[in-house]
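The numbers here are math on the coordinates, done by the rules we state, and not lab data. Quantities reported herein were computed from a predicted structural model and do not represent experimental measurements. Here the Cβ is made from the backbone with ideal geometry for all residues, glycine too, and neighbour counts use every protein chain on show.
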Amino acid sequence: MKAIEKGQKLQLEKEGLEKSFFVNLSWNQSSKPNYEIDASAMLISERGKLEEEENFVFYNNPTSLCGGLTVQNPSLAGLTKSFKIDTSKLSSNTAKVMFLITIDNGDTLNHRFGDISDIKVVISDLNKNHILEFKIDGMTKETAIIAFEVYKRNNEWRLQGVGNGFNSGLSVILKEYGSDKIKIEEEIKRPGTFESKEETKVENNIPVPKANISLSKITLEKKGESTKIDLTKREGNANNEIHINLNWNQIAKKSGFFRKAETIDLDLGCMYELKDGTKGVIQALGDSFGSRYNEPYIFLDKDDRSGSATDGENLYIAKPELLKKAAIFCFIYEGKSDFLEAGAYMKIKGLNQEITVNLDSPRPHLTFCIGILIENINGLVKIQKIDE
């Protein structure tokens, strides 16, 4: 049985696996028999969300909508929980299947994965031969683990050992991947405005009209050009979250008559420094996705493994008031080796402002580009176009 390292990515075919196989999650809680631990799985769409409740697969919902993922009862011998996945049956919109291990009421009862041993994922073929093993260690106070992923890239299904732990249990993962968050793009009623989808309030039996919120749109054209987001102008229960979206032309132009157009895949990330001096990097490489609910409060919501998601890649700065500065960068992960052919751009949204930065002037033949610099200056968040 071959061992998988954390973050390692493998192709099904090269590991001798067919389109259908078993993903087994296992743990030893003999020292803590009162802990209620279970495994589950979510089918995540190309936009990085769990779109349907029926695609959250666990003991009480043992089969996904498409029938491509099922809980096995009983599990494979010697393993705690088994799922059978058939990638040929997964819906075309499914970009990855995420496998989780969680402790029920862990935070309330102070039940933590640091007390649990031998946490692992075992991949087995249809003959129940164990092919791959991914051991998860280093857990302390976590109550939920994203253990493993089966994801699609360039129409090929691949495997990845994840092993990322979270506090606050399953709810944190559902907040990050649930589809109940309404996007501004979906709310636009006419240029420059959007309307809340909340139920109309009623006072004295008279409906109160919903308020339209102005969405100011700015484009930074030249290098060095900047604008500011004023965090002090937050209204009501609005949060300060800043959302950075990276998108690009998925197909590059042909460079010759007989040459095929190439698919381009970009990755998004940032180098940050918080006010308390903490420094770090958020990027898909090395699975440094960050967290929206814990320090550094910066979160990369997915890496577009398919290379074809229409909403690109998204980074969130949940608490910009804690930020000192951040350089938002992107690089060509696959495809053309020249940013000038990628047609890449960033959109920055926060407090009803939308700022567009076209990455249209990097030097030729570069595969890495710092798009913008974000600085927090006494509550004013400065967004500056770098494009280098």
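A few remarks follow.
- Scanning the range 91-119 for residues being touching a residue at least 24 places away in the same chain (Cβ under 8 Å) and under 23 Å from residue 55 (Cα atoms) gives a total of 14.
- Strands (runs of 3 or more DSSP E) fully within the range 8-50 counting 1 or more residues that are basic (Lys, Arg): 9-11
- Here the range 55-96 is the region considered, the condition is being under 25 Å from residue 140 (Cα atoms) and part of a strand (DSSP E or B), and the residue that is nearest to the chain's Cα centre (by Cα) is 58.
- Residues located in the range 21-31, provided they are over 15 Å from residue 122 (Cβ atoms) and exposed (fewer than 15 other Cβ atoms within 10 Å of the Cβ): 30, 31
- When the range 25-55 is filtered for residues that are farther than 24 Å from residue 85 by Cβ and touching a helix residue (DSSP H, G or I) at 6+ places or on another chain (Cβ under 9 Å), the ones remaining, listed by number, are 29, 31, 32, 34, 35, 36.
- All positions within the range 138-153 that are out of contact with any Lys or Arg (no Cβ under 9 Å at 6 or more places or on another chain) and farther than 21 Å from residue 295 by Cα: 148
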